[in-house]
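Q: Handing you this structure, nothing more for now.
Throughout, read-outs are computed from the coordinates displayed, never taken from laboratory work. In this text, all values refer to a predicted model and were calculated from it rather than measured experimentally. With ideal geometry, Cβ positions are generated from the backbone for all residues, glycine too; neighbour counts draw on all protein chains shown.
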Amino acid sequence: MSWSLRERSISPGQAKKILTSILPENPDRPCEIVLWNGEKVRFGNGPSPLSIVIKKPKVFDELLVEPSLAFGEGYINGDLEIKGNLGDVMEWFYKNAAEERLSPFQKARVCWIHLKKRATIKQTKKDVQSHYDKGNEFYRLWLDKGMNYSCAFFRSEDEDLEQAQLNKIHRSLKKLRLKPGQKLLDIGCGWGSLIMEAAKRYGVKAVGLTLSENQFELGNKRIKDAGLEDQVKIRLQDYREMDEAEFKSFDRIISIGMFEHVGKENIPVFFEKCSRLLKDRGIMLLHTIGRTKPKEMDVWIVKYIFPGTYLPALGELVETAEDNGFDFVDLENLRRHYDLTLGNWAKRFEEHVDTIRRLYDERFVRMWRFYLYGCQMAFRYNPLFVFQLLFTLGRRNDMPLVREELYV
């Protein structure tokens, strides 16, 4: 094949050869790719409800250099159009594993994207606020009523999102074996639904930490409106900023959907800090997206949605926790539940897409649509997981032998 990365004006003929070499001749359903000169490359038999229009040769070039980044950027910039449902198109590519058929040469990465930036407190705050401070009105449109922005727990595939998020909250709290009067720390508390439920259901005192100003303001308003100010408070604070006055003051620690922002180099810092804040024999639940093996992050997600994010490998979590005095008690994988959660979010997003477009613009709509559908398909087909890990600080032999109590 004569094509190389130095050729910036790839011909339609060269593009067709490359496509036929990396995509299956007979996929599970038909799909059509339309090149910038109008030529069509069809895969599969029969009429195709799915079509991808590549408007510029440069987009095709970039697709081979960094597929995820180029596909996402091409779509949000309007240089690549989708005819049909975006989620169906992304599922087609995940199922047919186009990227796995690229040669090592074609998999050449855009190096500047992968330059490491240290996750300092200042940088973490900037990264978190860039995502979560889009405005409470935006998140209200497509999250559940409790504004839980993390994986729900579905007892059936057709259960509604509101109930599934409550399931997740109460299932997580049951794992902590809370007792009245105990003190709970929620690292990355979002808009405060979990700590409010913990106070109402179990009679605990709870402190939530967030780096989002919008979450801080609305969360504390919700707490005040519920009359829980004496039991619950949300702070605008990084976990690393908690001082010695609070060491060994918490009976339980929980963190749901925050650990992805910690950063690889700060995994030991997180567990060391938690071991100082948690009382001996205390219980900690950590809920995070992760992998079974270390792997570099998806470039598009890091650039456009979650700057500074890192998805930890399971071994990194367990080993580092043990190094800091934690005993590994339990592990649950909620991968399928996140597929369902993302599907619900995408559906609600589309139901309010006109409002979102007025709040922001078409490019923003395309970016978030690509994120929601892309993540759903990644959890359906890629080796991505949602781990709920339970730890105790020091060995305990009185933890439940069975999980039946979680299913009540």
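Q: What's the center-to-center distance, using Cα atoms, between the range 214-260 and the range 330-374 in Å?
A: 26
Q: Return, ordered by residue number, the residues of the range 137-160 whose backbone nitrogen is under 20 Å from a label point located 7 Å along Cα→Cβ of Leu359.
A: In the range 137-160, the label zone of Leu359 (backbone N under 20 Å from the point 7 Å along Cα→Cβ) covers 137-152.
Q: Here is a further query. Is the shape of the range 254-310 best called rounded, prolate or oblate, per the rule: a/c under 1.5 gives rounded, else a/b larger than b/c gives prolate, else oblate, with a ≥ b ≥ c the square roots of the Cα gyration tensor eigenvalues?
A: Here the range 254-310 falls in the prolate category.
Q: If the viscosity is 0.692 mPa s and the temperature 37 °C, what Stokes-Einstein diffusion coefficient in µm²/s follows for the range 177-233 when Rh is the Kirkwood radius over Cα pairs?
A: Reported coefficient: 300 µm²/s.
Q: Would you mind calculating the relative contact order of the range 277-341 from Cα pairs under 8 angstrom and at least 6 residues apart, reporting the percent as a whole number?
A: 26
Q: Sorting check: for 82-95, 41-54, which peptide has the highest mean count of neighbouring beta carbons within 10 Å, and how do the rest follow? List each step's numbers first, then the result.
A: On the way: 82-95: 17.9, 41-54: 16.4.
With the highest mean Cβ count within 10 Å placed first, the list reads 82-95, 41-54.
Q: Just to check I understand the Karplus step: with θ = phi - 60° and J = 6.51 cos²θ - 1.76 cosθ + 1.60, what whole-Hz values come out for the range 389-396, glycine and proline as x?
A: In residue order, the calculated couplings are 10, 10, 10, 10, 7, x, 6, 10 Hz.
Q: Explain nothing, just compute: Karplus ³J(HN,Hα) = 6.51 cos²θ - 1.76 cosθ + 1.60, θ = phi - 60°, for every residue of the range 307-313 in order, whole Hz, x for Gly and Pro.
A: Residue by residue, the range 307-313 yields x, x, 7, 8, 9, x, 7 Hz.
Q: Report the calculated FRET efficiency for Leu236 and Thr120 (r = Cβ-Cβ distance, R0 = 30 Å), to the nearest 0.05.
A: 0.95
Q: Another one. Across the chain, what fraction of all alpha-carbon pairs, as a whole percent, falls in each successive 20 Å bin from zero upward?
A: The distribution over the chain is 25, 53, 20, 2, given as percents.
Q: Taking 25 °C and 0.890 mPa s as the conditions, I'd like the Stokes-Einstein D for the range 316-408 in µm²/s, using the Kirkwood hydrodynamic radius from alpha carbon pairs.
A: For these conditions, the coefficient is 150 µm²/s.
Q: Output the relative contact order of the range 121-407, whole-number percent, from Cα pairs under 8 angstrom with separation of 6+ residues.
A: Here the relative contact order equals 20 percent.
Q: Now a separate question. How big is D for the range 213-315, in µm² s⁻¹ as a whole number, if Stokes-Einstein is applied with the Kirkwood radius of its Cα pairs at 4 °C and 1.567 mPa s?
A: Approximately 82 µm²/s, per Stokes-Einstein.
Q: Further, regarding this structure: Enumerate lysine pairs in the range 267-351 that are 8 or more residues apart or on different chains, then count those whose Cα atoms are under 26 Å apart.
A: Final tally of qualifying lysine pairs is 5.
Q: Separate question: Treat the count of other C-beta atoms within 10 Å as a stand-in for reagent exposure and order His170, His352 from fewest to most.
A: Sorted ascending by nearby Cβ count, the order is His352, His170.
Q: Report, in deg cm²/dmol and to the nearest 500, the calculated mean residue ellipticity at 222 nm for the chain, where each DSSP H run with n ≥ 4 adds -39500 (n - 2.57) and the sum is divided by the residue count.
A: -12500 deg cm²/dmol
Q: Tyr360's amide H: which non-local residues (gap 5+, or another chain) put their own amide H closer than 5 Å, with H modeled 1.01 Å from N in plane and none for Pro or chain starts?
A: Residues meeting the criterion, in which the H sits 1.01 Å from N, do not exist here.
Q: Amide H to amide H, which residues 5 or more places from Asp330 or on other chains are under 5 Å from it, using H placed in the peptide plane?
A: Excluding prolines and chain starts, which carry no amide H, the hits are Leu390.
Q: If you don't mind, another one. Please list 3J(HN,Hα) in residue order for the range 145-156, calculated via the Karplus relation 6.51 cos²θ - 1.76 cosθ + 1.60 where θ = phi - 60°; whole Hz, with x for glycine and proline.
A: Working through the residues one at a time gives 4, x, 6, 8, 9, 7, 4, 7, 10, 9, 7, 8 Hz.
Q: Also, quick follow-up: Using only the Cα atoms, work out Rg/Rh for the range 158-258, with Rh taken as the Kirkwood radius, to two decimals.
A: Result: Rg/Rh = 0.95.
Q: By average Cβ neighbour count within 10 Å, what is the ranking of 238-249, 154-165 from highest down? Mind dumping the intermediate values first?
A: Details: 238-249: 13.2, 154-165: 15.4.
In descending order of packing, they fall as 154-165, 238-249.
Q: Shifting gears a bit: Place the peptides 252-263, 373-384, 224-235 in order of packing, highest mean first, counting for every residue the other Cβ atoms within 10 Å and averaging per peptide.
A: Values: 252-263: 22.7, 373-384: 19.9, 224-235: 15.2.
Those peptides, ordered most packed to least, come out 252-263, 373-384, 224-235.
Q: Can you compute the modelled spin-label distance between Lys83 and Lys145, with each label point 7 Å from Cα toward Cβ, in nm?
A: 4.3
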